[in-house]
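Quick notes on the structure that follows.
The values are calculated or read from the model by the stated rules, or taken from the named source; none is laboratory data. Since we're looking at a predicted model, the values are computed, not measured. Cβ placement follows ideal geometry from the backbone for every residue including glycine, while neighbour counts extend to all protein chains displayed. With ligands, DNA and RNA removed, areas are computed over all heavy atoms of the protein, side chains included. Shrake-Rupley method; radii C 1.70, N 1.55, O 1.52, S 1.80 Å.
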Amino acid sequence: MAPLRKYPVGIQSFESIRMDGYIYVDKTPLIYKMITEGKPYFLSRPRRFGKSLLCSTLEAIFQGRRELFEAFTVKGGIEQPQLFIATTDWEWEPHPVIRFDFSQEREYTIEALDKLINFTLSRYESEYGLTPQIGEGNNTRFISIVREAHRQTGRRAVVLVDEYDAFMLHSIGDSELEEGIRRSFSSLFSPLKALDDHLQFVFITGISKFSQMGIFSTLNNLNNISMAADYEALCGITEEELTTQLHPDIERLAQKLGESCDETFAELKRMYDGYHFSEDMTDIYNPFSLFNALNKRKISDYWFDSATPSAVIDMLAQMPPIQLTDIDGVTCSAGVFDIPFNSYSNPFPVLYQSGYLTIKNYDREYDEYTLGLPNLEVRKGFADNLYQYVVSPKGIDTNKNALFLAYNRFRRSDSLPPFIEAIKVFFAGIPYYLNEKGEHHYHVILYTLLTAFGADILAEEPSAKGRADIILKMPQGIYVIEIKYDDTADEALKQIDQRRYADKYRSDGRPITKVGIAFSSKERNITEYKSVREK
């Protein structure tokens, strides 16, 4: 069995990870490139992607703590390998580091923001022997700290700002709060550009595009590397890192699951891979979910609940209804990635910046991006959340759970009738005023629920002569489903045959079952269904 290793689940301190014997996937080749080739940077990534750990790593580097990057053995005999940057010509001169961390706050008010800023400024004023000037603005205090740090140490200061937009994201919809937060941030960071002679390095992280928020409007020299191919893997785990640095951990997980390494790797890829942050399309795995799976030795859902800001859900609720079938494969221009969160008439910037959509393809000729859901974990979680907006959840969660159990039995038994009956019971529990929207409404609800259950499902999948409503891929076979409204199941089956929806799946090897489902506007439910399994 592969040796037991420690996984940094929820640990954002680089020093703790190295000194306490946790795994650190070496990002210092990219960090070394960044700190030797430029000065002011901005990086946007979804939550739980390692931005805070990156800031902590930069802090250790600029503090000159070379010992953390060399090879050493920690308590318990765990060997920490030498990291790339320790092999370079980096001089390890300690610089004064001023770090603002807005990622841990849970009360998003003006008072909480001012308290956090004051606490951070007071800490550095104390460190450099400065007396806070009562009545002076935060920008004046910040200038004094940077200049004094430079004067005392003889080295220029480093400024790190982690999750700068955390407060802004939770103020959307409250114009007074939003403006107050904007003023506080603008006042604090407005001197950054003027302090250039005193600054060695500036690094700012967040979710949303900085230039559009009005906070760093004076700092127009920031290098935004959010979609730069060279830095696509700065946060997250690449496939190469997974199969090399983390290969022993895949072995251990495979042994626990009773699978081969190849089978376990395929499951990890299906659940947590699929993120792309540049047109080069480097595969990036969600690090939070991946380390949770390796630590608990269980492939499950970890990211969605922990990384979904309530502000995102609130914004989506204020937009026109979103249908899962509409967002997978949507195309857009590069300008979509620059739309700020507070311009929430369009859901796609919100979904991309939050990590629910990612780049699936890039057309260089037309400078056009195709977006889609990155992996099964996000697909399931997003569908489950979207379900709350498709159907009122009040009074029907029990029926939803019953349908989930019926779906699982269907997977094991290959018995279609009980599953159809469970669908009928589910629809019978939906309030009538939500169930009068026609064929497409039934289609969307069924597709959204099955996606939330983790089904391998396609909606409106194109064929040579049309689009099948639902393709459901099960372990025991493939189901080609056509839904008709105020028509017959025979007509639905006839359409499947006439438009040859099943043709493209015959090479799969699994048996194909064609299913025609008829809904009635009067009954507001399934009135009949028929199925034909091909031999």
Task: Residues satisfying the stated conditions in the range 457-486, i.e. under 22 Å from Arg379 (Cα atoms) and modelled with pLDDT under 80 - done: Glu460, Glu461, Pro462
Task: Restricting the range 463-497 to residues that are open to solvent by 60 Å² or more (accessible area, probe 1.4 Å) and of a type outside the set (D, E, K, R), the residue that is farthest from Ile512 (Cα to Cα) - done: Tyr485
Task: Failed criterion for Ile143 (all others in (1) over 24 Å from Leu222 (Cα atoms); (2) over 28 Å from the mean Cα position of the chain (by Cα); (3) not acidic (Asp, Glu) hold) - done: (1)
TODO: Starting from residues that are touching a Pro at 6+ places or on another chain (Cβ under 9 Å) and surrounded by 19 or more Cβ atoms within 10 Å (Cβ to Cβ), keep the ones in the range 129-143 and report whichever is nearest to Ser103 (Cα to Cα).
DONE: Phe142
Open item on the list: Taking the conditions exactly as written (among the acidic types (Asp, Glu) and in contact with a strand residue (DSSP E or B) (Cβ under 8 Å, 6 or more places away or on another chain)), does Glu107 satisfy them or not?
Closed with: no
Task: Whichever residue in the range 175-208 is of a type in the set (Asp, Glu), more than 25 Å from the chain's Cα centre (by Cα) and over 26 Å from Ile31 (Cβ atoms) and, among such residues, is surrounded by the most Cβ atoms within 10 Å (Cβ to Cβ) - done: Glu179
Open item on the list: Cβ-Cβ under 7 Å, sequence separation 6+ or interchain: first residue in the range 274-302 and farther than 14 Å from Ala254 by Cα, partner of a type in the set (Val, Ile, Thr) and open to solvent by 10 Å² or more (accessible area, probe 1.4 Å). Which pairs?
Closed with: His276/Thr282; Thr282/Thr238; Asp283/Thr238; Ile284/Thr238; Phe291/Val9; Asn292/Val9
Task: Pair list, Cβ under 8 Å, 6 or more apart: the range 116-128 residue in contact (Cβ under 8 Å) with a residue 60 or more places away in the chain, other residue among the basic types (Lys, Arg) and surrounded by fewer than 14 Cβ atoms within 10 Å (Cβ to Cβ) - done: none
Open item on the list: Are there strands (runs of 3 or more DSSP E) fully within the range 453-520 with at least 1 residues that are farther than 28 Å from Val330 by Cα and under 36 Å from the mean Cα position of the chain (by Cα)? List them.
Closed with: 477-485, 512-520
